[in-house]
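First up is the structure itself, then whatever we jot down about it.
The values are calculated or read from the model by the stated rules, or taken from the named source; none is laboratory data. Model, not experiment: these values are computed from the prediction. Cβ coordinates were reconstructed from backbone atoms using ideal geometry, including for glycine residues, and neighbour counts include every protein chain displayed. Protein only, heavy atoms only, side chains kept; ligands, DNA and RNA dropped before computing areas. Shrake-Rupley method; radii C 1.70, N 1.55, O 1.52, S 1.80 Å.
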Amino acid sequence: MSVTTVVLAAAIPIAGPMGATIAGGLSSLSDLQVKKWENRVFNGAMTATMGAAGSLVYLLSGGVLVQDMPASPGGLLLRVGGPLLIAYVVMIAVNVLCIGLVSAVTRRTRVLPVARTVLRSLGWGYLAHVVIGFLFVLLWGPVGLGPGSALFVLGPLLIAHWAIGREALARREHRETVTSFVAALEEADPASVGHSARVADLAEALGGELGVGVRDAEELRYAALLHDIGMVVVRPELPTEAQADDVDYLTALIGHPQAGANILSGLAFLKGSLPGIAHHHERWDGRGYPAGLHGEEIPLAARIIAVADAFEALTSGASAPELDAADAVTLLQERAGSHLDPQVVRALTVVVGRSPEAWRGRPNGAAVAARQARLPDHDHPSVIDAYAEWQPESVETV
């Protein structure tokens, strides 16, 4: 939104409240890069609201429109620069709160934690936009360039925006790559259909509750989506039939976390996700695999995925007895401090308690039948405990 926010800030003293509101709405509605109409409508409504709120605060703070601007530098700072800065802070607040609200509706997160996370991602450098907007206003009004000021301000800004767009394109390609890996896993194992997405959604919500930052949250989501990709490698080694505590089954199973990390190690954008993938079956008490890490030695992403994985195994309908969300949380609370990180379990209690039915697993019938007809669910606490009782010498990770 770098170009939009600069234009929006400049529009307040140049075009007044009505002009800023219209400029905000039209700038987002006309964005052809946003394909979905509902996204355009949301963005348009959000930027229009930002323009209206910013204009109101600007005028209440003593700001003046371009035709009434004083000639002295001190007067310009007092009657334009200061009020514009206050208005811009309000527009940022409206921006992050709107994102928090839409995240609460679509992803069942909390408004304020998401808003704070988005605000942290902007950084202090985001306030540079108001400086550029102020220069835009000066060139338009006191300098007298009028619409020609856009050449001096928006031209360089559009070049910078293009460079940022290239980075955004790379991020979209990263998401498509991850989606392809998940699709390949589900094609190879119909029992896993929907599992990765549900674990990723819950892990993301847990990360938000725990205050995970924006960059770490992206790495966490990728790790959660790809945590079982190593099952493609070890599947041929698994017995066709097994009980949860069969040695052959457990021996083959313990290789899949590191196998997954090895498969993805050549992708630079997933470097930060590899520890979460490699260690998502470690236990808080050190009796997990593959490295036998314990406590906070285990990467936070891996501890979060472990909780999300166990909850999904208990509620997905792919194991018996199937539990509802509240009962699953109660069972996992009993495992805090042994199998699972107590802090992450507390976050699970809050997230699920907020909307229990929203986290009820709903895999398709084919996935349930496929899993029940074959091997035990390796994410189920009974299998985790079987490994902990068996406890061979841990395999070292690289």
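The helix-based estimate of mean residue ellipticity at 222 nm for the chain, built from -39,500 (n - 2.57) per DSSP H run of four or more residues and divided by its residue count, is -21000 deg cm²/dmol to the nearest 500. Residues considered: Leu169, Leu323, Leu225. Largest GNM mean-square fluctuation over the chain, using C-alpha springs under 10 Å, is found at Leu169.
The calculated FRET efficiency for the pair Asp248 and Val89, based on their C-beta separation and a Förster distance of 45 Å, comes to about 0.10.
Karplus-based coupling profile of region 246-258, in residue order and whole Hz: 5, 4, 4, 5, 5, 4, 6, 5, 5, x, 6, x, 5, with θ = phi - 60° in 6.51 cos²θ - 1.76 cosθ + 1.60 and x standing for Gly or Pro.
Length gained on full extension, Leu145 to Thr179: 7.3 nm, using 0.36 nm per residue less the C-alpha separation.
Please state, to two decimals, what the Cα-based radius of gyration of region 134-287 comes to when divided by 2.2 N^0.38 Å (N = residues).
1.57
Working note: Debye formula, equal point scatterers on the alpha-carbon atoms of region 71-125, no solvent; log10 I(q)/I(0) at q = 0.12, 0.14, 0.15, 0.18 Å⁻¹ is -0.40, -0.49, -0.53, -0.64. Inter-part distance, region 58-88 to region 254-293, computed on C-alpha centroids, equals 56 Å. Taking amide hydrogens as placed 1.01 Å from N in the peptide plane, the amide H of Ala336 sits under 5 Å from that of no residue at least 5 positions away in sequence or on another chain. Computed packing ranks the peptides 65-75, 6-16, 89-99 as 6-16, 89-99, 65-75, most packed first, by mean other Cβ atoms within 10 Å.
Between the Cα long axis of helix 342-354 and the first principal axis of the chain there is an angle of about 70°, rounded to the nearest 10. Taking label points 7 Å from Cα along the Cα-to-Cβ direction, Ala71 and Asp285 give a separation of 8.3 nm. Taking all protein chains together and a 1.4 Å probe, the residues Asp201, Asp216, Asp377 rank Asp216, Asp201, Asp377 from largest to smallest accessible area. Treating each Cα of region 11-90 as one equal point scatterer and applying the Debye formula with no solvent, the log10 of I(q)/I(0) at q = 0.12, 0.17, 0.23 Å⁻¹ comes out as -0.38, -0.64, -0.93. With 10 Å bins beginning at zero, the pair-distance distribution over Cα atoms of the chain amounts to 5, 20, 26, 18, 14, 11, 6, 2, 0 %. P(r) tail for region 229-274, what percent of Cα pairs lie past 16 Å? Value for region 229-274: 44 percent of Cα pairs lie more than 16 Å apart. Taking label positions 7 Å along the Cα-Cβ direction at both Arg171 and Leu127, the computed distance is 2.3 nm, reported to one decimal.
Its Cα centre serving as origin, the chain has a Cβ charge dipole (Lys and Arg +1, Asp and Glu -1) of approximately 2220 debye. Helix 214-226 and the long axis of the chain differ in direction by around 30°, with both axes built from C-alpha atoms. The GNM of the chain, with springs linking C-alpha atoms under 10 angstrom apart, assigns the highest mean-square fluctuation among Ala168, Ala205, Ala252 to Ala168.
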